[in-house]
Amino acid sequence: MSGEFEHLVAEFERFQAGIRHADDRFAGLGAMQQQLTELRASAASADGGVTVVTGPGGAVLDVKFTEAALAKGPQALSATLLTTLREAVGEAARRQAVIVEGNMGDDLGLVDQVLETQAVAFGTTVEELRSKLTEEQPAEERAPQDFSEQPVLRPAGPPPAPPAHGPSAGDRFLRTLFDEED
């Protein structure tokens, strides 16, 4: 019985460690929300005639035109505006993915998914977008890396082996409390 009790205590301690880890990880959600709220991305057309500033979710916050851009006529202005909008919205999405992944971990490969989707949509390569990503984000805007490489409740190592006589009812109960597959 003491072997089973020790095993239950070890499982419970593992569970408590998972809870502490989750608490630590989610303590940074307020900071992440603040980073996302303050997110700004901008793009300028190749000739500098159109500038677009976007925020979280690609929301357009500002659009500026120079006199030279307005003088090009409606068709050229429209094409330049759309291209610049796409660039600014794409930049905002990449920055947002970096912030979320930096705070929540890369379990889903969020940044890679965004880059792959944008590469197809924009007719470019993931490598080109990744190089823009590192150019775009000043060091002070980068998300903190605390806990980013760790899952929320699952410990880094393998779970301890069950007792030789099989799991007890208490052991099964504790496993269901934090086993993600159930």
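None of the figures in this text is laboratory data; all of them are computed from the coordinates on show. For clarity, every value in this text was computed on a predicted model and none was experimentally measured. With ideal geometry, Cβ positions are generated from the backbone for all residues, glycine too; neighbour counts draw on all protein chains shown.
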In nm, to one decimal, how far is the ASP106 label point from the VAL126 one, both placed 7 Å along Cα→Cβ? 1.1
Would you calculate the convex hull of the Cα atoms in segment 23-108 and tell me its volume per residue in Å³? 83
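Kindly state, to the nearest 0.05, the FRET efficiency for GLU116 paired with ASP24, given R0 = 45 Å and r defined as their beta-carbon distance.
0.90
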PRE reach from GLN33 (point 7 Å along Cα→Cβ): which of segment 56-95 fall under 20 Å by backbone N? 56-59
Mind listing the long-range amide H neighbours of LEU61? Cut-off is under 5 Å, sequence gap 5 or more, other chains count too, H placed in the peptide plane at 1.01 Å from N. VAL53, THR54, GLY55
